[in-house]
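Chemist: So that we are looking at the same thing, I have put the structure below in structure tokens.
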Amino acid sequence: MKFMKLGSKPDSFQSEGDNVRYVSSDLATDVIVTIGDVKFYLHKFPLLSKSARLQKLIAATSSNEDNEIHQEEDEIVIPEIPGGAASFEICAKFCYGMTVTLNAYNVVAARCAAEFLEMHETVEKGNLVYKIEVFLNSSILQSWKDSIITLQTTRALSPHAEELKLTGRCLESIASRACIDTSRVEWSYTYSKKKNLDNGLRRPQAVPRDWWVEDLCDLHIDLYKRVIATIESRGKVSADVIGEALHAYATKRVPGFSKSSSSVQITDYAKYRALVGSIIEMIPEEKRSVSSSFLTKLLRASIFLGCDEETGLINRVGERLDEASLSDVMLYDVDLMLNLVEVFLKSRSEEDDVTRKASVAKLVDGYLAERSRDSDKLTLQKFLAIAEMVSGFPRQSHDGVYRAIDMFLKEHPEINKSEKKRICRLMDCRKLSVEACAHAVQNERLPMRVVVQVLFFEQARANNNNNNNGSSSTGNSTPEIIPASRSTNTEDETESWDTEDIKTLRGELASLRLAKNQQQENIKGKLVKGGGLGVSRVFSKLWSGKERSGEMMSSSGTSSPGSINDDSKSSSSTNKKH
């Protein structure tokens, strides 16, 4: 920190209690200057030699013509001096020629007090105003951190600091350095981000573009807004760096910004409501100026504090919902998540629409699975409302959908069969992974219809893989063992199937899975033949009894109910030949 010493005489100011200051001298004091609650017992001559205002005040004591003076003998009262008693003492010591140290913390107060006391060159050459201006221009405003400290002190000295253009000069000094080319940054700055490591060794790095953002976080929000506005007005700092600055400021100044706001005790809601609202207003208009993670945390804080800017922020977060992480959206309640998905649906217009929708689908699946643990907050209606909005979104697999459904059924055992069926319609059994299928067929919470569908499609996949391994075919399509009409419209029939039949299906499926994992082709072939035959026979048994009595024949474009039995016989015949 830069500093300047004025005067050469030793400091002879003494205190008597908290409210009395006097100069230790052989000469009796002849004037009392009252500043607030503090009385200064001083000598007239040193003061009159440098302060035009004190000349006027002391001269007026005899006639009491000056309205600012309330005379009691030789006492003068100065009711409002910038910086109070502390700044007046600096000026008084300068008048006595005593040593005074100026720095970034007191220079603005001293400058404002000197101006108030009219300590100009017209009174005496080399007066206090002149010396302070030299110190400001040559040292304080040439220092990055001193300029920030000095700017912070101007807030308590308004409007005097504004009238003397001290605030504006500090703003310009800070902005000019923030906008400078990073290759010219030679002063110290605070930067706590992790730096890249190369083979465990810290590499020398160039100055980062956002080198300045952390040092500004100590500023009050009113001054911070003005600094950011001044930096932006120069047009040399990109929007994403401004966004990074806002993120750093919010993280430091908003309590619990990186955590759930419910765990943070806030006593002054109005203060932090204004703070968050100001940060929201400063976000650049460019869509990618701030990260999606920052927006989600800011939205959570704004809702918690009741900011008026909440609606606009919801739109910004919803438009970029595909960029959010699961940990980000877990900060939101169910109703807010529903609103965000609605905003995303309305805003889709980019070329990478499929990729964005897939990201949102994965995000929603994860959100529903985790939020299902809060059984009181996620009702059946809200679960379906959110899930159905993204049910048509592309997914590589439906494992996420299955996990969300399973978690919801686990936490809501009270829902009935029809409600379970409605939830399970969200899931495409043909898109479940082998692991998910293995879990589903053993899942007692799923309706019987869903278990049977999983068994059918798993057998189809196993048979298809075995056929591909045993031939030169390169096709990868999964044969549809159950016609579409049967795979989705067998609710009544499957509910009446015997438990033993389902257990048999599960056992046969396990045989298929075991066969698939065998390394030797001859052993695998034998197991597959036996497994495939058994499952086909069970399917034949199940379908023959149910569909002969209750299922209508499909149209010419759909497989008939008996086609499964035919396929089973054909498969059995083929296996016998080989």
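Coordinate-derived values only; no laboratory data. Remember, it's a predicted structure, so these values are computed and weren't measured experimentally. Cβ coordinates were reconstructed from backbone atoms using ideal geometry, including for glycine residues, and neighbour counts include every protein chain displayed.
Chemist: Go ahead and collect, in residue order, the members of segment 436-457 whose backbone nitrogen is under 13 Å from a label point 7 Å along the Cα-Cβ direction of SER397.
Modeler: 436-440
Chemist: Here's a follow-up. Using 5 Å bins from zero, what percent of all Cα-Cα pairs in segment 324-427 falls into each bin?
Modeler: Pairs per bin, as whole percents: 2, 13, 25, 25, 20, 10, 4, 1, 0.
Chemist: Sequence-distant or interchain residues sharing an amide H contact under 5 Å with VAL20, placed H: which?
Modeler: LYS39
Chemist: What do you get for GluC sites (Glu not before Pro) in segment 289-354 restricted to DSSP loop and a cutoff of at most 12 other Cβ within 10 Å of the site's Cβ?
Modeler: Answer in residue order: GLU350, GLU351.
Chemist: Looking at segment 1-145, send over the antiparallel percent of its DSSP beta bridges, to the nearest 5.
Modeler: In segment 1-145, DSSP labels about 65 percent of beta bridges as antiparallel.
Chemist: Across segment 437-442, in residue order, what do the Karplus-derived ³J(HN,Hα) couplings come to in whole Hz, using 6.51 cos²θ - 1.76 cosθ + 1.60 with θ = phi - 60° and x for Gly and Pro?
Modeler: Here the 3J(HN,Hα) series is 4, 4, 6, 5, 5, 9 Hz.
Chemist: Just to be sure I understand the model, the point goes 7 Å from the Cα along the line to the Cβ. What's the resulting SER293 to LYS252 distance in nm?
Modeler: 1.9
Chemist: How much length is gained if the chain between SER359 and LYS431 is pulled fully straight, taking 0.36 nm per residue apart and subtracting their Cα-Cα distance, in nm to one decimal?
Modeler: Between SER359 and LYS431, full extension yields 24.2 nm more.
Chemist: Fewest first, what order do ARG184, ARG111, ARG373, ARG445 take by the number of other Cβ atoms within 10 Å?
Modeler: With the sparsest Cβ surroundings first, the list reads ARG184, ARG373, ARG445, ARG111.
Chemist: Still on this structure, I have one more. Subtracting the Cα-Cα distance from 0.36 nm times the residue separation, let me have the gained length for ASN137 to LEU326 in nm, one decimal.
Modeler: Computed gain between ASN137 and LEU326 is 62.9 nm.
Chemist: Need one number: convex hull volume per residue for segment 3-138, Cα atoms only, in Å³.
Modeler: Given the Cα convex hull of segment 3-138, per-residue volume reads 109 Å³.
Chemist: Let me ask something additional. Cross-link list LYS377/LYS417; LYS9/LYS131; LYS252/LYS377; LYS50/LYS131: which exceed 24 angstrom alpha carbon to alpha carbon?
Modeler: Too far apart for the 24 Å limit: LYS252/LYS377.
Chemist: Now a separate question. Given labels modelled 7 Å from the Cα in the Cβ direction, how far is it in nm from LYS225 to THR29?
Modeler: Modelled inter-label distance: 4.4 nm.
Chemist: Can you tell me the length gained on complete extension of the stretch ARG209 to ASP37, counting 0.36 nm per residue apart and subtracting the Cα distance?
Modeler: 57.0 nm
Chemist: Need one number: nm distance between label points at LYS165 and LYS410, each 7 Å from Cα along Cα→Cβ, rounded to one decimal.
Modeler: 6.9
Chemist: So what is the relative contact order of segment 3-138, in percent, for Cα pairs below 8 Å that sit 6 or more residues apart?
Modeler: That works out to 28 percent.
Chemist: Neighbour counts of other C-beta atoms within 10 Å: give me PHE257, PHE393 arranged from fewest to most.
Modeler: PHE393, PHE257
Chemist: Counting Lys and Arg as +1 and Asp and Glu as -1, what is the net charge of the other residues whose Cβ lies under 13 Å from the Cβ of ASP240?
Modeler: Summing Lys/Arg as +1 and Asp/Glu as -1 gives -2.
Chemist: Residue by residue through segment 6-17, what is 3J(HN,Hα) from phi via Karplus (6.51 cos²θ - 1.76 cosθ + 1.60, θ = phi - 60°)? Round to whole Hz and write x for glycine and proline.
Modeler: 10, x, 10, 6, x, 6, 10, 6, 10, 10, 9, x
Chemist: List the relative contact order of segment 324-427 as a percent without decimals, with contacts defined as Cα pairs under 8 Å and 6+ residues apart.
Modeler: Relative contact order comes out at 32 percent.
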